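Everything on this sheet refers to the single structure shown next.
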Amino acid sequence: MMTNRYECYENMLSKFRIKDLQTLLGAFGQNTLGRKPELKDQALELLRTRSTGLNQAAYVAKISELYYLSSPETVAQIKFKKLPFYEVIDEVLQPTFLAGTDKCTLQNVPRDMKETQLKFFVSLENVNLVAMNRDVSPGKNDYIYQFQIRISQLVEPMTNEVTDFMPLGLQIRFGAKACPLPPTAPNTRPGAESRRSPRPINCTQLVKLSPVTPNVICINWTPDGKNYVMSIYLVKRLTSETLIQRLRDKGGRSSEQTKNYIIKKLADVDPDLATTSYRFSLVCPLGKIRMKMPAKSIHCDHLQCFDACTYILMNEKKPTWMCPTCNKPCLYDDIQIENYFLNVVSSPNLKDSSKEIEILADGTWIVYEEKKETKTANSTPDAKLKPIDSVDLDSDEEKSFDMNVEHPETETVKHQENENLSFVDLTLSDNEEEPPKEKDKQENEAQAANAIQPVTVVDLKPQDQVQRQQAVTSSEQGVVIEIDIQDKINS
């Protein structure tokens, strides 16, 4: 654990050669004469005391720059965060520190713009892999295997994985050809320069598919007091169908685990509330239709799920990987199918119109439906439970109960008509004090609406033919989500 915020930079200075110390001190107008111990003490003093007139941010950035230039093996150990829709096949250019020079070959750019040139070759194996798996027929230019540029900021102390982060004023060229870049992200601070969206850069069409011809790449950016690292990978583009199938093959959380969690959750409730059950929505918060593959993050404490197919489709179009219920990170590798609720949505006791269930204190569930009544001047809407079935997921047999007949074992169900009883909303995490902001929910729903396109969706019941799902209109966003379910998936 760091004893002070500059300990990592002190460690860097301890490895500096006398030439590095002289370069550092000279860049900030300090005396460069003396032996190595004296120069080192002088550099450390500037770091610790924050001398008047010294740009501290620029000083620590210069320390990082000199350190990584003299220790390139440290930069090469950096790992970029995994991208679910891309499978890394090979590292074409290892993580390289962007040490820019003031000599810029671009015209009509700011005087202080930095520039660096890198060179790399593509192996014969990778050339064949890309060339033999592409479609360049008229009107098409599709590559299954792609060359992908990743750029990230170097932050101290170093983390295990780094995420994409673009320098200001970024421009990339392969020879004289400009490389397409991600769009500019919305500016959140007035007067501040906007950055490109933090996404990987597809440069496949600009790479020379030859094992003997070098690829020269030129990178320009505007200095902003930060240091950057860049790498190039050969990746395979994965489809949403592939990710859905992999999620299915991974299995999920057992029904027994979920049932025990429910029992414990209700047992922890204040006994004065006399709460014996709660309602659970079967509608995906993103697609606004009943879930087919209920899932959530292994790190989420709430029970409420989302439809895994809809969630993956949404993130294929615009990757955010945030839980729509609690608005916390929900990465692909952390998604887990909830078999308890998978059994619920697959149950023959569930009508097509059923949108909610009531989960009882013993871990079983019953269908909850609102009884629609004619509204008069003196009447108010009243939701009542209809005679339905109680389902025990631990048993192969189903027990039918008439809700109008007194049964000791079903006494808990009658809490709906008892004003002294109440429901507990356990769809939220234990550590959540308030639900996600309405704005965040609307953004998630909008992303889902924009993301969903006609695709093949996995049905976890291989023996049944998957039915075609009709277009559904989002109640909040007023947009149509169309899911075209096509094929039967074999187990």
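The values are calculated or read from the model by the stated rules, or taken from the named source; none is laboratory data. In this text the structure is predicted, and so the values were computed from the model without any measurement. Using ideal geometry, Cβ is built from the backbone for each residue, glycine included, and neighbour counts are taken over all protein chains shown. Protein only, heavy atoms only, side chains kept; ligands, DNA and RNA dropped before computing areas. Shrake-Rupley method; radii C 1.70, N 1.55, O 1.52, S 1.80 Å.
Among the residues of segment 145-162, not a single one is surrounded by fewer than 19 Cβ atoms within 10 Å (Cβ to Cβ) and either more than 30 Å from GLU7 (Cα to Cα) or of a type in the set (Lys, Arg) (or both).
Please specify each residue of segment 99-123 satisfying the condition of being surrounded by 11 or more Cβ atoms within 10 Å (Cβ to Cβ) and not in a loop (DSSP other than H, G, I, E, B). LYS114, GLU115, THR116, GLN117, LEU118, PHE120, listed by residue number.
Scan segment 34-81 for residues that are part of a helix (DSSP H, G or I), under 20 Å from PHE97 (Cβ atoms) and not small (Gly, Ala, Ser) and the total you get is 13.
The single condition among (1) on the phi > 0 side of the Ramachandran plot; (2) in contact with a Ser or Thr (Cβ under 8 Å, 6 or more places away or on another chain); (3) in a loop (DSSP other than H, G, I, E, B); (4) of a type outside the set (Phe, Trp, Tyr) that PRO211 does not meet is (1). Among the residues of segment 185-192, is any at pLDDT 90 or above, open to solvent by 40 Å² or more (accessible area, probe 1.4 Å) and either assigned to a loop (DSSP other than H, G, I, E, B) or more than 25 Å from THR320 (Cα to Cα) (or both)? No - not one qualifying residue is present in segment 185-192. Please work out which residue is surrounded by the fewest Cβ atoms within 10 Å (Cβ to Cβ), limiting yourself to segment 124-135 and to residues that are over 13 Å from ASP90 (Cα atoms) and touching a strand residue (DSSP E or B) at 6+ places or on another chain (Cβ under 8 Å). So the residue we want is ASP135. How many residues does segment 277-336 hold that are of a type in the set (Val, Ile, Thr), over 11 Å from the mean Cα position of the chain (by Cα) and open to solvent by 10 Å² or more (accessible area, probe 1.4 Å)? Residues flagged as of a type in the set (Val, Ile, Thr), over 11 Å from the mean Cα position of the chain (by Cα) and open to solvent by 10 Å² or more (accessible area, probe 1.4 Å) within segment 277-336 amount to 4. A single member of ILE63, ILE89 is in contact (Cβ under 8 Å) with a residue 12 or more places away in the chain and within 30 Å of THR49 (Cβ to Cβ), and it is ILE63. Here PHE165 meets the list (1) in a strand (DSSP E or B); (2) within 23 Å of the chain's Cα centre (by Cα); (3) of a type outside the set (A, V, I, L, M) almost entirely, failing just condition (1). Scanning segment 168-182 for residues that are within 24 Å of the chain's Cα centre (by Cα) and open to solvent by 70 Å² or more (accessible area, probe 1.4 Å) returns a single hit, PRO180.
If the condition is being exposed (fewer than 15 other Cβ atoms within 10 Å of the Cβ) and under 21 Å from PRO157 (Cα atoms), then segment 18-51 contributes GLU45, ARG48, THR49, ARG50. Of the numbered criteria (1) over 15 Å from the mean Cα position of the chain (by Cα); (2) crowded, with 23+ Cβ neighbours inside 10 Å, the one LYS351 fails is (2). Of all residues in segment 6-33, those being assigned to a loop (DSSP other than H, G, I, E, B) and among the basic types (Lys, Arg) number 2.
Contact map, segment 18-45: first residue touching a residue at least 40 places away in the same chain (Cβ under 8 Å) and of a type in the set (Asp, Glu), second residue open to solvent by 70 Å² or more (accessible area, probe 1.4 Å) and in a helix (DSSP H, G or I), Cβ cut-off under 9 Å, separation 6 or more or different chains; pairs are ASP20/LEU69.
Can you confirm whether LYS40 is of a type outside the set (S, T, N, Q), modelled with pLDDT of 90 or more and closer than 16 Å to TYR9 by Cα? Here the answer is yes, as LYS40 does meet what is asked. Restricting attention to segment 84-98 and to residues that are open to solvent by 40 Å² or more (accessible area, probe 1.4 Å) and under 20 Å from GLN153 (Cα atoms), the residue that is modelled with the lowest pLDDT turns out to be GLN94.
Return the residues of segment 129-144 that are touching a Ser or Thr at 6+ places or on another chain (Cβ under 8 Å) and part of a strand (DSSP E or B); say none if nothing qualifies. TYR143, the sole residue that qualifies. Only residues that are touching a strand residue (DSSP E or B) at 6+ places or on another chain (Cβ under 9 Å) and either surrounded by fewer than 16 Cβ atoms within 10 Å (Cβ to Cβ) or part of a strand (DSSP E or B) (or both) were counted across segment 227-241, and they come to 10.
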